[in-house]
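Working notes, structure below.
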Amino acid sequence: MDKVNQLAEWIRESSRIVFFGGAGTSTESGIPDFRSAAGLYQEIGQRGYSPEEMLSRPFFDREPELFYEFYRSKMLYPDVQPNPVHELLAELEQQGKLQAIITQNIDGLHQKAGSHNVLELHGSVHRNYCMECKRQYTLSDVLAQSGVPRCPVDGGIIRPDVVLYGESLDGEVIDRAVAALMSADLLIIGGTSLTVYPAAGFITYFKGRHTVLMNASSTAHDRHADLLITDPMGQVMKKVQQLLAE
Ligand code: NAD
């Protein structure tokens, strides 16, 4: 059996699938990842800042203008559309076969595709709040201003509800992610270099039958996978969708 058929077969047999994903999930929608050859890390490096520095909380506090210049041009993609990965996962949730998507992404594309149980380990560009009064703002509110967005009520800086380097993950999201992984029967990991911790460490809570790892480049977790797929995951999921429909 070839790899795509094997993946389709395991999806057919499973009823508590968990998908654990990263930036590679959205590259076929047009959002660059961080660590591919064409990824954002190369570009940030050329600016003279390390990625961890530029996307860190101290950098945000010290250089909000520079942070927002980068963030607006490289992290905000309000017009992109979900691709076959997001679409198939939404379908599987609707069929009652997928219990959770755990994502490191902040782009909101899983929700745009129709998924509901999306555990966003690193937050979302769609939620923003004033650092003074905590009023909530949408992505459209942020896009309506230029430079560092300010709260119209008290002038406080509006920040995205994303986890910057040096900040902690939300405890409730972690608990839900761990619970989903512990009760899952199939784990599909996709589009993540598995280098960002603590997020990458959560996959060790999975105790189910099969682990599928879909990633274009190798990861430290490859040897633990029952099935390793390196083809572009959007194309793979499109084929899986066709096989499941047969
Ligand atoms: P990463 O950039 O470190 O790794 C992405 C991995 O996906 C790479 O190993 C790459 O080979 C693989 N990949 C890329 N396109 C692929 C495709 N079409 N098919 C299969 N594999 C593909 O990303 P990460 O592990 O998620 O860590 C980066 C951090 O950056 C995350 O914490 C995330 O919050 C953030 N980020 C988010 C977005 C987003 O929301 N879309 C984009 C960039 C970065």
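The values are calculated or read from the model by the stated rules, or taken from the named source; none is laboratory data. Bear in mind the structure is a predicted one, so any value in this text is a computation, not a measurement. Glycine gets a Cβ as well: all are built from the backbone with ideal geometry, and neighbour counts include every protein chain shown.
Some observations on this one:
- Looking only at residues of the range 40-54 that are touching a helix residue (DSSP H, G or I) at 6+ places or on another chain (Cβ under 8 Å) and within 13 Å of the ligand (Cβ to nearest atom), we find that the one that is modelled with the lowest pLDDT is ILE44.
So that you can scan it fast, the table gives a plain yes or no per residue for (1) near the ligand (Cβ under 7 Å from one of its atoms); (2) modelled with pLDDT of 95 or more; (3) not polar (S, T, N, Q):
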position: ASN5; (1), (2), (3): no, yes, no
position: PHE20; (1), (2), (3): no, yes, yes
position: SER29; (1), (2), (3): no, yes, no
position: ARG35; (1), (2), (3): yes, no, yes
position: ALA38; (1), (2), (3): no, no, yes
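- Qualifying residue in the range 84-103 (condition: closer than 19 Å to ASN128 by Cβ and at pLDDT 95 or above): yes
- Scanning the range 179-199 for residues that are of a type in the set (Val, Ile, Thr) and buried (at least 16 other Cβ atoms within 10 Å of the Cβ) turns up ILE188, ILE189, THR192, VAL196.
- Yes/no for TYR71 being modelled with pLDDT under 95, surrounded by fewer than 17 Cβ atoms within 10 Å (Cβ to Cβ) and hydroxyl-bearing (Ser, Thr, Tyr): no
- Hits in the range 200-238 - residues which are basic (Lys, Arg), surrounded by fewer than 17 Cβ atoms within 10 Å (Cβ to Cβ) and either within 8 Å of the ligand (Cβ to nearest atom) or closer than 23 Å to SER15 by Cα (or both): LYS207, ARG209
- Number of positions in the range 93-108 that are among the polar types (S, T, N, Q), more than 12 Å from the ligand (Cβ to nearest atom) and crowded, with 17+ Cβ neighbours inside 10 Å: 1
- Within the range 1-21, being in contact with a helix residue (DSSP H, G or I) (Cβ under 8 Å, 6 or more places away or on another chain) and among the small types (Gly, Ala, Ser) holds for ALA8, GLY21.
- Qualifying residue in the range 180-190 (condition: out of contact with any strand residue (DSSP E or B) (no Cβ under 9 Å at 6 or more places or on another chain), over 23 Å from LEU109 (Cα atoms), away from the ligand (no atom under 13 Å from the Cβ) and without any contact (Cβ under 8 Å) to a residue 24 or more places away in the chain): no
- For the criterion of being modelled with pLDDT of 95 or more and under 17 Å from GLU120 (Cβ atoms), ALA184 fails.
- Residue list for the range 109-122, filter: crowded, with 20+ Cβ neighbours inside 10 Å and in contact (Cβ under 8 Å) with a residue 24 or more places away in the chain: LEU109, HIS110, ALA113, SER115, LEU119, GLU120, LEU121
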